[in-house]
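Working notes, structure below.
The values are calculated or read from the model by the stated rules, or taken from the named source; none is laboratory data. None of these values were measured; they are calculated from a predicted model. Cβ placement follows ideal geometry from the backbone for every residue including glycine, while neighbour counts extend to all protein chains displayed. To get the accessible areas, we keep the full protein, side chains included, count just its heavy atoms, and leave off ligands, DNA and RNA. Shrake-Rupley method; radii C 1.70, N 1.55, O 1.52, S 1.80 Å.
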Amino acid sequence: MDPADTEHRFRRNGQDLRVRVVEVNGDGERGHLLLFGAVADGCLVRVHSRCLYGEALRSQDCDCGPELDKALDLIQAAGSGVLVYLEQEGRGAGLIAKALGYRESERSGADTFASYEALGYPADARTYVTTARALADLGLRSVQLLTNNPAKVQALRQEGLRVTAVPLRTRALSERARDYLETKRTRRKHWIPTDAAPWALDEPGGMSPAADEPPAADPVVITPGENFRPRPGPGPAPDLIGA
């Protein structure tokens, strides 16, 4: 189907954007690309996994809803971008596995990654190969990826896309959400942009000086080719969370 045949008005927070929809289906990845505005090379892209609890039910146990909101805010502010919405509930294991993992964590005190593994599930079963190819099929060769997950950056780069990582900052909704943030940082090496954690732009020849660290505000969209990366430093501020 020609994406132009799906084009329609999308209204959010009082602002209108034109949106087109493209299906993603292959290699265990199923979902849709939502193309907002005039998508062009170097645009903002959010690769997002479905979370019923966090998005539809507004659970305070994770950051999935706030992250989706923040990504859409940035895309709307830019006037264009791509949301890749994947049916990867429970890090690709499904809603039943997610519920079982929560119950196991309550029983044992283990984090949900360990609970998944104890139940025989992969800690994270998600892949992004078909997603990367779908983005390339749009004619994109470089993207500004709204993520703190290095696995997503690596997956898209392995398929030949030039990726600029743009970190997302949201506020933790609960102590449980803060614990999940810390687990993602320690177990999955997620980047967590905060006031306390030093951040700098990758530059040829080494790190940027401290003056170049992102301020305590939403990251400004940066020029394709630059790259945010974390530097060793103090732990993350307890009320800021991202994935």
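Numbers below:
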quantity: The stretch 38-59, residues that are within 22 Å of residue 127 (Cβ to Cβ), assigned to a helix (DSSP H, G or I) and among the hydrophobic types (A, V, I, L, M, F, W, C); calculated: 52
quantity: Scan of the stretch 29-61 for residues that are of a type in the set (Gly, Ala, Ser) and touching a helix residue (DSSP H, G or I) at 6+ places or on another chain (Cβ under 9 Å), ordered by number; calculated: 31, 37, 49, 54, 56, 59
quantity: So residue 4, is it free of Cβ contacts under 8 Å to residues at least 40 places away in the same chain and in contact with a Phe, Trp or Tyr (Cβ under 6 Å, 6 or more places away or on another chain); calculated: no
quantity: Among residues of the stretch 128-157, those that are of a type in the set (S, T, N, Q) and at pLDDT 95 or above, counted; calculated: 4
quantity: Positions within the stretch 173-184 being assigned to a loop (DSSP other than H, G, I, E, B) and buried (at least 19 other Cβ atoms within 10 Å of the Cβ), in sequence order; calculated: 173
quantity: Total residues in the stretch 1-15, condition assigned to a strand (DSSP E or B) and either open to solvent by 80 Å² or more (accessible area, probe 1.4 Å) or modelled with pLDDT of 95 or more (or both); calculated: 5
quantity: Residue list for the stretch 18-37, restricted to those being at pLDDT 95 or above and either over 19 Å from residue 155 (Cβ atoms) or in a loop (DSSP other than H, G, I, E, B) (or both); calculated: 18, 19, 20, 21, 23, 34, 35, 36, 37
quantity: Hits in the stretch 166-217 - residues which are of a type in the set (Ser, Thr, Tyr), at pLDDT 80 or above and over 18 Å from residue 71 (Cα atoms); calculated: 174, 180, 186
quantity: Counted residues, the stretch 33-58 - those being without any contact (Cβ under 8 Å) to a residue 60 or more places away in the chain and under 22 Å from residue 96 (Cα atoms); calculated: 10
quantity: All positions within the stretch 103-143 that are in contact with a Pro (Cβ under 9 Å, 6 or more places away or on another chain) and crowded, with 23+ Cβ neighbours inside 10 Å; calculated: 116, 143
quantity: Test result for residue 112, closer than 15 Å to residue 28 by Cα and in contact with a Gly (Cβ under 8 Å, 6 or more places away or on another chain); calculated: no
